[in-house]
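What follows draws every value from the coordinates through simple rules; no lab data is involved. The structure presented is a predicted model; accordingly, all values stated were derived computationally and were not measured. We place every Cβ from the backbone using ideal geometry, glycine too, and count neighbours over all the protein chains shown.
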């Protein structure tokens, strides 16, 4: 996944100081500064105070580092210097594997699982990292992604996954880790790359990436995508989307740059809620075909996403730089889905008996909604790299301000069954679903987040440094819930005293303050060796899931934020002349949910469970030889529930159980071989596999899924500016479940073959 650069930097890559001096550039740091992708320069400890006269010749520096382009301005430094595991999936990996979505990219990261989600709540990109929910922890260019949708990868430069508590870096939440996608932005070359692809399961896709250098100080880039597909081994499920992402980069003087990015994506897909459980096993274990779809052809997930981002970088001097990164986003969504369940009313009875299976039924229901979300965020940071007491020191300080609004309308069905319809399990009908009734509930939620953060790295000696940091948050959520008495809810605990046609308003609010510190001790005995021990915390306040609709309730609005902490011992080593990066870590994360006493009932109420995650990770990525690129990662997770309290009652049978959605063992391997110079020039072969052990689906540990191994591969041939590639996903046509939940699981796509023709001009 990590691509190795081999770039020569001219001696004037860094602008001269007022005194006409040049700071010494060491390793990949000059490349980082040239690209403007970190908040400012940093310098090796042994050369911190050394300068050169303006007329003194300096040799070009050969860079063979492992540094990755990153857009998280609140995380200074290089990947190998940061005291936590960061997995990077770069552009070449995305291309070789034929990745088209964020979910597809994250298959490269062991310890990340995908949640199917609740009906009527969230469905789209939902992930768990190290067994902890990360559904609110997806970022683009270091800024929070406010909406919920299926993210296409057409505008990704790369994907970064930060492991461990990261509230100090990214803000509220981010307990198990955070997911950041870096957008494609203008560069110094003028080029055009186009691709068309076709494959099995009605797969069609076309993309274009055009970069134009307009002047020496102005560049423009445009990425576009159209895509549609069905899903191998799944009936009816399909997706159709398109997107466009123009960006402009301008150098405003010698030391200032401005990058403007617009992103638009429209998606019309049929949501797949998989298959339910019978006797704690997926119904497919009782002879139900994996292809069975229990929704309707009229189900839909229509989303429209528009975001605009502006990033300003200014270099005050060689050791002072400023970054301001701001984003506004609007997300519209219409969601009509069908959920299937065996748990209500004796449904699915008889499926385990061949004599009665043909008559067995499964109950279906829906919780449709229409939603409008918008948000704005601005992160500003100042980085100062100046000696402190004669020692090298890097100090970062900044602010993070955001506002988010979500308006959701929930719809019901006015028929006598309230939209609940039984379908034959073995031969379900599709067609048109029941007609929507009037909106029975409206939820208006707003959230304001103001935070101040700092990060300081102080070099005690040339090889030992201390990192301290923290973030103070002020987080306020307000929610107005308006219930309408309609035919849908008249006979089901009707609100407003059951007066048909009336409405009633309930208001909730939460106002919290919290501080998250971090501290690390780093030892770097050599340029390619980095060892660290670190401590970091995170906080998840009530109402953090604004786009979830029901962000607050009477039982959660007064809770204190969840408090989580991570201890980590790790190493990062440069291998094969620094062409490959190895990361290894031992870690322990404690999730401690806040508990309060209800003043009305005296009951203890809690927002969740105490959870302990102890684990080990090791991974390598980069070039083993000039021709062989390797990415291999393994994660071990021992995740248990330490304490369980529900409605004031202790649940001893749950304590000590495994945490849901957390595989104990997970691994991924992908190898690419380039035959240039040793065989057929232009030929590439690649392939790999993903392993995941069994997972529990509920806290009772009564439902589980077996582990699986899948394989993918590709062959590509490039001649001049043309490249033809054939990808085969799920080579062995393995039957397994790609998305999981406590009451339903979604079968993964069967074997899929895709041919892609690309051209570069």
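Evaluated at q = 0.21, 0.23 Å⁻¹, the base-10 log of the normalised Debye intensity for the stretch 396-443, with identical point scatterers placed on the Cα atoms, takes the values -0.88, -0.93. Taking one quarter of the surface of the C-alpha convex hull of the stretch 487-549 gives a mean projected area of 8.7 nm². For the listed peptides 409-417, 661-669, a ranking on the average number of other beta carbons within 10 Å per residue, highest first, reads 661-669, 409-417.
Along its principal axes, the stretch 242-310 has C-alpha extents of 69, 26, 14 angstrom, given from the largest down.
Fully extended, how many nm does the chain gain between residue 760 and residue 655 (0.36 nm per residue separation, minus their Cα-Cα distance)? Write down the numbers at each step before the final one.
Details: separation 105, 0.36 × 105 = 37.80 nm, distance 5.75 nm.
My answer for the length gained is 32.1 nm.
Normalised by the number of residues in the chain, the average gap of Cα pairs under 8 Å and 6 or more apart makes the relative contact order 12 percent. Sorted ascending by nearby beta carbons within 10 Å, beginning with the fewest, 441, 311 become 441, 311. Computed over the stretch 127-285, the P(r) tail beyond 19 angstrom holds 67 percent of alpha carbon pairs. For the stretch 388-484, the spherically averaged projection of the C-alpha convex hull amounts to 13.3 nm². Using the rule -39500 (n - 2.57) for each DSSP H run of four or more residues, divided by the residues of the chain, the 222 nm mean residue ellipticity is -500 deg cm²/dmol. Just so you know, the Cα atoms of the stretch 183-263 work out to an Rg and Dmax of 17.1, 58 Å.
Sorting 682-692, 227-237 by their mean Cβ neighbour count within 10 Å, with the most densely packed peptide first, gives 227-237, 682-692. Between the stretch 490-517 and the stretch 242-317, the alpha-carbon centres lie 30 Å apart. With Cα atoms as the point set, the stretch 266-420 shows a radius of gyration and Dmax of 26.5, 84 Å. Note on the stretch 689-759: Kirkwood radius taken over Cα pairs, Stokes-Einstein applied at 10 °C and 1.306 mPa s, translational D equal to 111 µm² s⁻¹. Between residue 487 and residue 638, the distance separating the two model label sites (each 7 Å from Cα on the Cα→Cβ line) works out to 5.9 nm. Dimensions of the stretch 224-341 from C-alpha coordinates, computed as largest minus smallest value along each principal axis and given longest first, are 69, 29, 23 Å.
Under the classification rounded if a/c is under 1.5, otherwise prolate if a/b is larger than b/c and oblate if not, where does the stretch 623-662 fall, given a ≥ b ≥ c as square roots of the Cα gyration tensor eigenvalues? Prolate shape, in that a/c is at least 1.5 and a/b is the bigger ratio. Kirkwood analysis of the stretch 125-169, using all unique Cα-Cα pairs, places the hydrodynamic radius at 11.8 Å. Put simply, the Cα atoms of the stretch 606-761 extend 69, 30, 28 Å along their principal axes, the longest span coming first. The mean sequence distance of close C-alpha pairs (under 8 Å, at least 6 residues apart), as a share of the length of the stretch 605-755, puts its relative contact order at 15 percent.
Here the Kirkwood formula puts the hydrodynamic radius of the stretch 432-577 at 19.6 Å, using every distinct Cα pair.
Ratio of Rg to Rh for the stretch 332-374, alpha carbon only, Kirkwood? Mind dumping the intermediate values first?
Working: Rg = 16.0 Å, Rh = 12.5 Å.
On the Cα set of the stretch 332-374, Rg over Rh gives 1.28.
Compactness of the stretch 630-710 is given as radius of gyration and Dmax, 20.5, 69 Å, from Cα positions.
Calculated on C-alpha atoms, the gyration radius of the chain divided by its Kirkwood radius gives an Rg/Rh of 0.97.
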